[in-house]
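The values are calculated or read from the model by the stated rules, or taken from the named source; none is laboratory data. The model shown is predicted, which means the values in this text are computed figures rather than measured ones. Backbone-built Cβ (ideal geometry, glycine too); neighbour counts: all protein chains shown. The protein model used for the area step is the full one, side chains on, heavy atoms only, and it has no ligands, DNA or RNA in it. Shrake-Rupley method; radii C 1.70, N 1.55, O 1.52, S 1.80 Å.
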Amino acid sequence: MVLSHPTALLVRLLHVAGVGVAVGGAVLTWAASRRAVSDGRIESARTALAVAETYEWLFWGALGAVVAGGVGNLGALGLAVSGVETAWGTTLALKLGLLAAFLAGSAARTLSVSFAATRSDVDAAATNRLRVAYALTSVVLLALVGFGEVLAHG
Ligand code: HEM
């Protein structure tokens, strides 16, 4: 079977490792901003913003690996990729549609984090925006993982 080929396994590893970094980082960034909102200290707010800035770099690197791995997954499946008239094909189309919207939203999130980082100080509203943005990022990433699980062969 094509999927048991070592290259296909490496491609899957790339896909899944990228997903792990993106999801784990989003949850950590959400936790740091949530903590800053609840304790109200300026040091915690600065830390949350620094964590968010670092995560944005990791996020785009990880998503690059996930997309490359995803395209590789399709290549490994070859002719076994089903059309949109099947449940598998519909799931893939939904996943890619959600991903496209998510990437557009993520570009806005990255811009807003980099604008916040250029300001001389962080206020409570900015920290709260981080908390909401990373909660949303985590939820959408988990939804994409759910679609991926439905797609997985064996
Ligand atoms: C261009 C983008 C993407 C494409 C083309 C793509 C394609 C695929 C395909 C074809 C599979 C099934 C692999 C198989 O049956 O062996 C899969 C599995 C999976 N995908 Fe994606 N995917 C993409 C992005 C994502 C994203 C953004 C996430 C989550 C954040 C994700 C999470 C998963 C997971 C958890 C699996 C199951 C594990 C596996 O089979 O390797 N994918 N993907």
Can you name every residue in the range 123-154 that is basic (K, R) and either open to solvent by less than 60 Å² (accessible area, probe 1.4 Å) or under 30 Å from L9 (Cβ atoms) (or both)?
none
What residue, of A152, A100, A143, A116, is among the small types (G, A, S) and either in contact with a helix residue (DSSP H, G or I) (Cβ under 6 Å, 6 or more places away or on another chain) or within 16 Å of A31 (Cβ to Cβ) (or both)?
A116
Would you call S82 in contact with a helix residue (DSSP H, G or I) (Cβ under 7 Å, 6 or more places away or on another chain), farther than 30 Å from L130 by Cα and more than 9 Å from the ligand (Cβ to nearest atom)?
yes
Anything in the range 15-49 that is away from the ligand (no atom under 13 Å from the Cβ), aliphatic (A, V, I, L, M) and open to solvent by 50 Å² or more (accessible area, probe 1.4 Å)? List them, or say none.
L28, V37, I42
Count of residues meeting criterion [free of Cβ contacts under 8 Å to residues at least 40 places away in the same chain and surrounded by 13 or more Cβ atoms within 10 Å (Cβ to Cβ)] in the range 75-92
4
I need the full set of residues from the range 105-119 which are surrounded by 12 or more Cβ atoms within 10 Å (Cβ to Cβ) and not polar (S, T, N, Q), in order please.
G105, R109, V113, A116, A117
